[in-house]
Amino acid sequence: MGNENGTWIMYGVEWDDPECLHTVKDAIAYINEVGFLPLFKNDIPGFSLEERTVPEYWWCGDPKVDPWEWREEIARSGELAYGKFFDKKAGFISKKWLPYFANYRREGYDFDALWDDEKASRRQKKIMDLFEEEDEIYSNEIKARAGFGKGGEKGFEGTLTSLQMKTYLCVKDFRQRRNKKGEFYGWPIAIYTKPETIWGYEHVTSRYSESPEASGEAIRQHIKDVYPIAKGITWK
């Protein structure tokens, strides 16, 4: 997605293009094939969900063809990790490749160890402490309960994004909130969880036995194999 003279432009393909992804199942299969994929256009030509879908269908509201709706279904499917993983922007990582990203981005640290070594911020700690008690939390509840907002901590979005970039958190689902009567209302909002809650600690940390540099090199080599045009991409 680009901005040209103040107008947002979506890039993509025609419906009958061989590279077009027509359904959410097509998207999941493709992401599993390539291993990881940003949601929107980036520095690597063709390496995004945006560029493999029909531009006119974005935000049309039809979950059969709208990639914006697909991201919700993908998040709740448990087949892929969804979150802000690429240059602080949204994208997907397959279950197979998540351990590589976790080891590389975390540099072999579980969050508690990161905090103990004074490598995590107090704001990050206040958010992660919430997930010691609960497996999943609405984004608005995280903000309120971790003390962000009016008269409290600043930089909520940046802190939440940093925890996703380090793979300590991901989006598990999108759901509407409930009022006091138990009725749903408003737009669906993101629900966050730890990847370990979905796929288990053993799987997520299964590359901890190798160096973070080795995991990072595996990621770089894989993307060059899949997209030879890619150069200098690290998404650290």
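Which trypsin sites (Lys or Arg not before Pro) from segment 7-100 combine a DSSP loop assignment with at most 12 other Cβ atoms within 10 Å?
LYS64, LYS96
Please compute the alpha carbon radius of gyration of segment 14-102, then divide it by the globular-protein estimate 2.2 N^0.38 Å. Two decimals is fine.
This ratio for segment 14-102 stands at 1.01.
Can you give me the distance in nm between label points at GLU202 and ALA214, each placed 7 Å from the Cα along the Cα-to-Cβ direction?
According to this spin-label approximation, the distance is 2.0 nm.
Compare the peptides 143-154, 99-110 by average per-residue count of other Cβ atoms within 10 angstrom and give them in order, highest first.
Ranking, from highest mean packing down: 99-110, 143-154.
What's the local net charge at GLY149, with K and R +1, D and E -1, over the other residues with C-beta under 15 Å away?
+3
Hey, got the dipole for the chain? About the Cα centre, +1 on K and R Cβ, -1 on D and E Cβ, debye to the nearest 20?
Details: 35 positive and 41 negative charges, 180 e Å.
Rounded to the nearest 20 debye, it is 860 debye.
Say the dipole of segment 111-212 comes from +1 at the beta carbon of Lys and Arg and -1 at that of Asp and Glu; which of THR167, TRP187, VAL204 then lies farthest toward its positive end?
TRP187
Based solely on C-alpha atoms, express the radius of gyration and the Dmax of segment 99-198 in angstrom.
Just the Cα atoms of segment 99-198 yield Rg and Dmax of 14.3, 45 Å.
Using a 1.4 Å probe and counting only protein heavy atoms, arrange TRP68, TRP58 so the residue with the most accessible area comes first.
TRP68, TRP58
Take peptides 208-215, 123-130, 112-119, 167-174 and line them up by average Cβ neighbours within 10 Å, highest first, as a rough protection proxy.
Working: 208-215: 15.1, 123-130: 18.1, 112-119: 12.6, 167-174: 23.0.
In decreasing order of mean packing, 208-215, 123-130, 112-119, 167-174 become 167-174, 123-130, 208-215, 112-119.
Sorted from largest down, give the three principal axis spans of the alpha carbons of the chain, whole angstrom values.
51, 51, 36
With +1 on each Lys and Arg Cβ and -1 on each Asp and Glu Cβ, how big is the dipole of segment 40-137 about its Cα centre, in debye rounded to the nearest 20?
Details: 17 positive and 23 negative charges, 82 e Å.
Approximately 400 debye in magnitude.
Just going by the charge dipole of segment 84-236, with Lys and Arg at +1 and Asp and Glu at -1 on Cβ, which of LEU98, PHE131, ILE229 is farthest out on the positive end?
Farthest towards the positive pole: ILE229.
For segment 36-82, what is the Kirkwood estimate of the hydrodynamic radius, computed as the reciprocal of the mean inverse distance between distinct Cα atoms, to one decimal in Å?
Kirkwood radius, segment 36-82: 11.2 Å.
In debye, nearest 20, what is the charge dipole magnitude of segment 1-93 about its Cα centre with +1 on Lys and Arg Cβ and -1 on Asp and Glu Cβ, if you could check?
The dipole magnitude comes to about 480 debye.
Between ALA113 and TRP59, what length comes free when the chain is fully extended (0.36 nm per residue of separation minus the Cα-Cα distance, one decimal in nm)? Present the calculation step by step, with values, prior to reporting the outcome.
On the way: separation 54, 0.36 × 54 = 19.44 nm, distance 4.11 nm.
Length gained between ALA113 and TRP59: 15.3 nm.
What is the Å³ per residue value for the convex hull set by the Cα atoms of segment 46-147?
139
Projecting each Cα onto the charge dipole of the chain (Lys/Arg +1, Asp/Glu -1 at the beta carbon, about the Cα centre), which of THR23, THR53, TYR109 comes out farthest on the positive side?
The Cα lying farthest towards the positive end belongs to TYR109.
The values are calculated or read from the model by the stated rules, or taken from the named source; none is laboratory data. Since the structure is predicted, the reported quantities are computational estimates derived from the model, not experimental observations. For neighbour counting, all protein chains shown are included, and Cβ atoms are generated from backbone atoms with ideal geometry for every residue, glycine included. What goes into the accessible areas is simple: the full protein's heavy atoms, side chains included, and nothing from ligands, DNA or RNA. Shrake-Rupley method; radii C 1.70, N 1.55, O 1.52, S 1.80 Å.
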